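Take a look at the structure set out below.
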Amino acid sequence: LNPRGYDVFNCYERFLLLTGPRKCTKTINAVNKICRHLWENDGAKVLILGKTLRNIKSSGVWQDLTLMPFGIPQWIRANIGFQYSSPPKMTPDTKVSYFKVTTAEGGESECQVHSLEYDWEVEIKFKGTRYSMVYLPEGDQFKDRMVFNILEDQLRCPHIPDSHHQIIVDCNPPEDGEDHYLYDLFFRKVHPDGRPFSSEYSEKFRVINFSLADNIWMTEQERESLREKYRYDKALFSRYASGEKWEKFSEEGHFREFFFPNIHVKGN
């Protein structure tokens, strides 16, 4: 882990937001926090939730967790007793991908991956479930605050200390900036009607900001290449290369994502 990663690794606030540009190690650190949770809590149940299974499983966080050297393989190599008790597989009836691992207490814990294509389905899909940790990679893709509210209610495993229940969200600054509900939750700390959280509830939220400098394995040449790639569009640069501010750019239009000045503008 890098220095910022240890902040994530040792964080036990109930709600944790990891924000910053691309390639700043948010996912690497979230993966190791998940492994720690699975190892430390006998009977833990982790939910990884994304918009589509294809993005999560084909080349996303599921592979980072189960296959990449900085994920579970690293924890197995440590020879502390962390092993698969049931390797990654899919249930034949529900088509849910999951795995189980051994814990420090000699039991086992489980991690599942689900998708939520439409925000309004969150209550149908998850009300009545129980989890001890929820991880939302690219959490800004969920636009309805109800997604967070319903998932918060599912943090209810009575055999695990309440202080170990956690929701982790990671994202680049969203395209709608401060208008996104995550900003109200983690920065303003207000209810939808603008009322501030109570001091007790407010203390449950923590933001850890990342920058490209936090990726200690990235060369300066690679950092500059990332900045240069998005320099043509200040909105994309702010979100993917800088990641410092949550701001909405009013000049964005319906075709911004398809418009490249160096290609589509002739002369001045």
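The values are calculated or read from the model by the stated rules, or taken from the named source; none is laboratory data. What you see is a predicted model; the values in this text were computed from it and never measured. Cβ coordinates were reconstructed from backbone atoms using ideal geometry, including for glycine residues, and neighbour counts include every protein chain displayed. When the accessible area is computed, the model is the full protein with side chains, heavy atoms only, and any ligands, DNA or RNA have been set aside. Shrake-Rupley method; radii C 1.70, N 1.55, O 1.52, S 1.80 Å.
Points worth noting:
- For the range 113-136, residues that are open to solvent by 20 Å² or more (accessible area, probe 1.4 Å) and not in a helix (DSSP H, G or I) total 8.
- First in the range 225-238 and free of Cβ contacts under 8 Å to residues at least 60 places away in the same chain, second anywhere and outside any helix (DSSP H, G or I) and not aromatic (Phe, Trp, Tyr), Cβ under 6 Å, 6 or more apart: Phe237/Arg231
- Residue within the range 76-95 that is farther than 21 Å from His159 by Cβ, touching a Ser or Thr at 6+ places or on another chain (Cβ under 8 Å), at pLDDT 95 or above and β-branched (Val, Ile, Thr) present: no
- Candidate set: the range 20-70, residues that are assigned to a helix (DSSP H, G or I) and among the polar types (S, T, N, Q); chosen: the one farthest from Gly139 (Cα to Cα): Thr66
- Consider the range 124-180 and keep the residues that are touching a Pro at 6+ places or on another chain (Cβ under 8 Å) and of a type in the set (D, E, K, R). The one that is farthest from Gly50 (Cα to Cα) is Arg145.
- Residues that are polar (S, T, N, Q) and open to solvent by 10 Å² or more (accessible area, probe 1.4 Å) within the range 1-24 comprise just one, Asn10.
- Sole exception among (1) touching a Cys at 6+ places or on another chain (Cβ under 7 Å); (2) charged (D, E, K, R); (3) open to solvent by 40 Å² or more (accessible area, probe 1.4 Å) for Asp140, by number: (3)
- The residues of the range 245-262 that are open to solvent by 100 Å² or more (accessible area, probe 1.4 Å) and modelled with pLDDT under 85, listed by number, are Lys248, Ser250, Glu251, His254, Phe255, Glu257, Phe258, Asn262.
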